[in-house]
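Report on the structure given below.
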Amino acid sequence: MSQLTSKVLRDGHQIDILLNCAGIQSRHPAHQFPDSEWNRVLQVNLNTVFTLCRDVGAHMLSREADSSRRRGSIINIASLLSFQGGMTVPAYAASKGGVAQMTKAMSNEWASKGVCVNAIAPGYIATDMNAALMEDKDRESSILARIPAGRWGNPEDFKGAVVYLASRASQYVSGEVLMVDGGWMGR
């Protein structure tokens, strides 16, 4: 069990909802991608998410279910690149593809036991991680031309999806990767 999870549980807390929102990126052409950067991106984006899911999932499975047979909700942040490869970000795409499949695998084991495991896949969001794309006017124009909503997303766009997946309103939803992308994947 991770030290953080262990400390939270040792202090007598119960975890009902886990939101894994970690992501770093490193840009290099695939044929020049350094091993150290590959390992760093996968450690943060995939290995740490697995460790937290495993440890918090074990905690959720060990306790009594509530009146609706629910023990908890795990929400992982995947990416649009869980489904598309991207360019110069092979480690990021691989890690977020792994998050999407890990979400499904854990759901297959835990949904019948009252732990819902889902993911949210953001599209192009106006964050520091995408600053280079937003500063490249040609790339930004091509991205915006494909987004039916006509704008970059922002962190506020995730409130509803997170609240829904964390609540009993989604108790029969598990193993899903919910796109929050302004319609990008529908195009």
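Go through segment 105-122 residue by residue and turn each phi into a ³J(HN,Hα) via Karplus (6.51, -1.76, 1.60, θ = phi - 60°); whole Hz please, and just put x for glycine and proline.
With the stated coefficients, segment 105-122 comes to 4, 5, 4, 4, 7, 10, 4, 5, 9, x, 10, 8, 10, 9, 9, 10, 10, x Hz.
Want the number for Ala22 to Arg139: 0.36 nm per residue separation, take away the alpha-carbon distance, what's left?
Contour length minus Cα-Cα distance gives 39.7 nm.
Could you run the Karplus curve 6.51 cos²θ - 1.76 cosθ + 1.60 with θ = phi - 60° over segment 95-100 and give me ³J(HN,Hα) per residue in whole Hz, x for Gly and Pro?
Taking θ as phi minus 60°, the curve returns 5, 6, x, x, 4, 4 Hz for segment 95-100.
Could you give the Stokes-Einstein D for segment 5-76 in µm² per second, using the C-alpha Kirkwood radius, 10 °C, 1.306 mPa s?
Here the translational diffusion coefficient equals 112 µm²/s.
Using a Förster distance of 30 angstrom, determine the FRET efficiency expected from the C-beta separation of Thr127 and Ser36, and round it to 0.05.
0.80
When you have a sec, figure out the Kirkwood radius of the chain from all distinct Cα pair distances and drop it here in Å to one decimal?
With all distinct Cα pairs of the chain included, I get 17.5 Å.
Please give the Cα centre distance for segment 116-187 versus segment 52-114, rounded to the nearest Å.
With segment 116-187 and segment 52-114 each reduced to a Cα centre, they are spaced 17 Å.
Please give the charge dipole size of the chain, origin at the Cα centre, charges +1 on K and R Cβ atoms and -1 on D and E Cβ atoms. Round to the nearest 20 debye.
Around 440 debye, computed over the chain.
With an 8 Å Cα cut-off and a minimum separation of 6 or more residues, compute the relative contact order for segment 3-181 in percent.
Computed over segment 3-181, the figure is 24 percent.
Computed from the coordinates by the stated procedures, all read-outs in this text should not be read as laboratory data. Bear in mind the structure is a predicted one, so any value in this text is a computation, not a measurement. Quick reminder, even Gly has a Cβ in these numbers, built from the backbone with ideal geometry, and neighbours come from all protein chains shown.
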